[in-house]
Amino acid sequence: MPVVTLQPDTLNEENAKFAQTPLASPVFLNSVPKCGTHLVRNIFRMFVPVAQQYHHQFIQWGNLQQHLAAFDARRSMFSWGHLLFSDASVIELGRVRKLVLVRDPYTWVLARARFFLSDEFKGNVDAMKGGKITVEEFVNLMIFGIYQKAPPLREIYDFNAASWLGTGAYLVRYEEVVQNLRRLDTPEAEVYFGRLFAAFGIAELPHDWRARVVIGADRKFSGTARENLTGLGVEIPDELPEAQKRLVDYAAPGLRALLGYA
């Protein structure tokens, strides 16, 4: 199994600087891996008592049955993970508020490539590190998958995002979060975060909501943020080449439009 190496953060201590209101119901932040999970999770952590934050594990299909306590209505925990859509997932999260975090597939394949090639990811792709294949070849592997090692883009988005839509889960686009962080002092940002936190279960933003968001969004607390990845042996471009954009559209036709990117 792949191993992800991350440094612990101090957000629990930062959380204590603010008055916290207990959650009234359990909330699960579900995401496509490499869509800004740490960023959005850390923002929410600044609005939830630490005792109601489920820090034991990123919840996924493989460990779902070991972490059902996260969804106990009597505890009203905030948890997070990459949980694929299935009969068991739907049943266990039946009374849980659900948010689904996605990212434009065009930039997702680049983010996934950077992470897989970094020192923070240890797994079955290590033989390809160190410049042994070209950037374009590696990006194509992110799109179509690595046989018996890593699933393709379409499969990941199908089970972690698309299949949750239309079920009451609230769709969160990573790019919109970032856009509103950049204009945090504007009325538009207040409207955006008001809606986001309402979906989370916080009906009214506290007066110090901007200060909390700034701390939670500090990229130094995200071990998988782009600038915190180490050991990259190749330069991954900021924009997906046109050839690879066409390959994304071929591999997952209609996906970007479904998620609101086209």
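Quick look at the values:
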{"read-out": "Leading residue by the ranking (farthest from the chain's Cα centre (by Cα)) among those in the stretch 128-150 that are of a type in the set (Phe, Trp, Tyr) and either at pLDDT 95 or above or part of a loop (DSSP other than H, G, I, E, B) (or both)", "value": "147"}
{"read-out": "Tally, over the stretch 179-205, of residues that are over 16 Å from residue 99 (Cβ atoms), in contact (Cβ under 8 Å) with a residue 24 or more places away in the chain and among the aliphatic types (A, V, I, L, M)", "value": "2"}
{"read-out": "Tally of residues being surrounded by 15 or more Cβ atoms within 10 Å (Cβ to Cβ) and assigned to a helix (DSSP H, G or I) across the stretch 195-209", "value": "5"}
{"read-out": "Filtered residue count, the stretch 233-254, keeping only those that are small (Gly, Ala, Ser), under 22 Å from the mean Cα position of the chain (by Cα) and part of a helix (DSSP H, G or I)", "value": "1"}
{"read-out": "Single condition residue 172 does not satisfy, out of (1) crowded, with 20+ Cβ neighbours inside 10 Å; (2) assigned to a helix (DSSP H, G or I); (3) in contact (Cβ under 8 Å) with a residue 24 or more places away in the chain", "value": "(2)"}
{"read-out": "Matching option when the condition is in contact (Cβ under 8 Å) with a residue 40 or more places away in the chain and of a type in the set (Lys, Arg), among 74, 97, 41", "value": "97"}
{"read-out": "Candidates 125, 172, 102, filtered to the one that is modelled with pLDDT of 95 or more and closer than 21 Å to residue 237 by Cα", "value": "102"}
{"read-out": "Hey, residue 26 modelled with pLDDT of 95 or more and not basic (Lys, Arg) or not", "value": "yes"}
{"read-out": "Any hit, the stretch 76-84, residues being part of a helix (DSSP H, G or I) and surrounded by fewer than 21 Cβ atoms within 10 Å (Cβ to Cβ)", "value": "no"}
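Residues are listed down the side, and each one gets a yes or a no for (1) assigned to a helix (DSSP H, G or I); (2) closer than 25 Å to residue 118 by Cβ:
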| site | (1), (2) |
| --- | --- |
| 40 | yes, yes |
| 66 | yes, no |
| 90 | yes, no |
| 95 | no, no |
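The values are calculated or read from the model by the stated rules, or taken from the named source; none is laboratory data. The structure displayed is predicted, hence computed values, not measured ones. In this analysis, Cβ positions are derived from the backbone assuming ideal geometry, glycine residues included, and neighbour counts consider all displayed protein chains.
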